[in-house]
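Okay, so here's the structure we're looking at.
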Amino acid sequence: MNYKGILWGFVRSKRYQTLIMEHMTVNSSNAPGVESLRHHTQSWASTQATWRFYHNEDVTFPMLSGPMLGLARSGVKESQSRYVLMAHDWCHINFAKHHSKLDKTKMSHALDVGYELQASLLVDANTGAPIAPAGLNLLTSNGIYQCRSQELQPKQSHLDSLFDSIHWQEQLDLDKPLVHVVDREADSAKDLRRLGSVHWLTRTKKGSTFRHEGQFKTAEIISRTISPDLKGVISLRGKEGYLFVGETTVELHRKSEKLASAAPTCRFVMSLVTDDEGKELARWYLLSNVLDVDATEIATWYCHRWNIESWFKLLKSDGHQLEKWQQTTAESILKRLITASVATTLIFKLYSDSSDEANEFKGFLVKLSGRLTKRTKPVTQPSLLAGLWVFLQMCEVLDTYTMDEINAMRQIASSFFAQSV
């Protein structure tokens, strides 16, 4: 598949194309800046060009997000799943040691200072493979920057901001219906009722109450009325376990609420994952208003939500070193974050491609990366990023120098080392 051709169909700016290519790399923590791809371009000139691009008034969040959303639409259309999952989560970006950033906000405690990212990631419902980001909000001390709007928005609660994003995403005209998957942050009966006919899936706390069979009960007590069945083996956070699933129906009505009209009903799915010895690895109490799929599929969908955590790791410690970026404002951070997100989307597409051609290229990139990978998982997204950067540099060298010049460089290099390079 011609991934570059797909992307450049959405990207018109040559500078933006270059920046995306320059984000196809794994940064070290002490070198968080944008690396220069062109060998004949000085690092300072490349840095200045990048600075001018991000500070250009015509370079807006919606403009930068266009290719990302274009890749999202393309990926959803290619998916074979009936539904597509939209995983939502929050991520703290700690910049406590970056004193030049004056619009930082305090998050959980005095040392947890920086920006809070609320992100949405499209995931294939059948395979669990990430498709593309489809929403980025950055909370600052002054308000919220959104990838869909250039204007700074007023601060909102987590759920108000999330629901605004959900209603916007429902208008994106994607090829398949969405199921919005949220962790326990969305464990609020009155807020879930606000979503109306929007499809959703969330996890509830064991102490949360619902009306079940005419009585208010906690999720833990309701689960005792369910006899879960073994459904098979599932992958959870890189480990395999046995999945047990059972379900019942509850009303979205909390004991503490005075609800005038009848509350809508939803599915209550109890999901249990154990190891070979029967040790419990995870237990989830899930709620969903998706009625036309098996309960096992609901439980599997929630497992797929973990991909957004892996994506955050790729943006931070395993890839782009987000918390080391030197841009001095949240506006510049978000612009670069959108650019990096487009680069990771191309990695998603390559990683999910199972064709012989793609598998051969992935093995080649892992070798170039120099990284050790597990036998059970020979290809990882960070190794693809690292190997791809080496490959892009190789291509730049071949475009810049002739074979005679390269062989001459080999001879020069051999004079400095004990053996021929």
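The values are calculated or read from the model by the stated rules, or taken from the named source; none is laboratory data. Source: prediction; values computed, not measured. As a convention, Cβ positions derive from the backbone with ideal geometry for all residues, glycine included, and neighbour counts pool all protein chains shown. We work out accessible area using only protein heavy atoms, side chains counted, and drop any ligands, DNA or RNA first. Shrake-Rupley method; radii C 1.70, N 1.55, O 1.52, S 1.80 Å.
For the reader, a short list of remarks on this structure follows.
- The residues listed here are Trp311, Trp389; of these, the one that is in contact (Cβ under 8 Å) with a residue 40 or more places away in the chain, farther than 30 Å from Arg203 by Cα and aromatic (Phe, Trp, Tyr) is Trp389.
- Boolean, Leu350 is among the aliphatic types (A, V, I, L, M) and either surrounded by 21 or more Cβ atoms within 10 Å (Cβ to Cβ) or out of contact with any helix residue (DSSP H, G or I) (no Cβ under 9 Å at 6 or more places or on another chain) (or both): no
- Val198 surrounded by 15 or more Cβ atoms within 10 Å (Cβ to Cβ), within 25 Å of the chain's Cα centre (by Cα) and in a loop (DSSP other than H, G, I, E, B): yes
- For the stretch 364-394, a residue qualifies if it is open to solvent by 30 Å² or more (accessible area, probe 1.4 Å) and assigned to a helix (DSSP H, G or I), and the qualifying residues are Phe364, Lys367, Leu368, Val390, Phe391, Gln393, Met394.
- Qualifying positions in the stretch 248-270 - touching a residue at least 40 places away in the same chain (Cβ under 8 Å) and closer than 14 Å to Thr204 by Cα: Val250, Glu251, Leu252, His253, Arg254, Cys266, Phe268, Met270
- Arg211 being exposed (fewer than 13 other Cβ atoms within 10 Å of the Cβ) and outside the structural domain of Leu159 (by the TED database): no
- Residues of the stretch 80-90 satisfying the condition of being under 24 Å from Leu322 (Cβ atoms) and either crowded, with 22+ Cβ neighbours inside 10 Å or modelled with pLDDT under 95 (or both): Leu85, Met86, Ala87, His88
- Residue in the stretch 328-347 that is more than 24 Å from Ser74 (Cα to Cα) and assigned to a loop (DSSP other than H, G, I, E, B) present: yes
- Enumeration of residues in the stretch 91-105 that are among the small types (Gly, Ala, Ser) and either more than 28 Å from Met21 (Cβ to Cβ) or buried (at least 17 other Cβ atoms within 10 Å of the Cβ) (or both): Ala96
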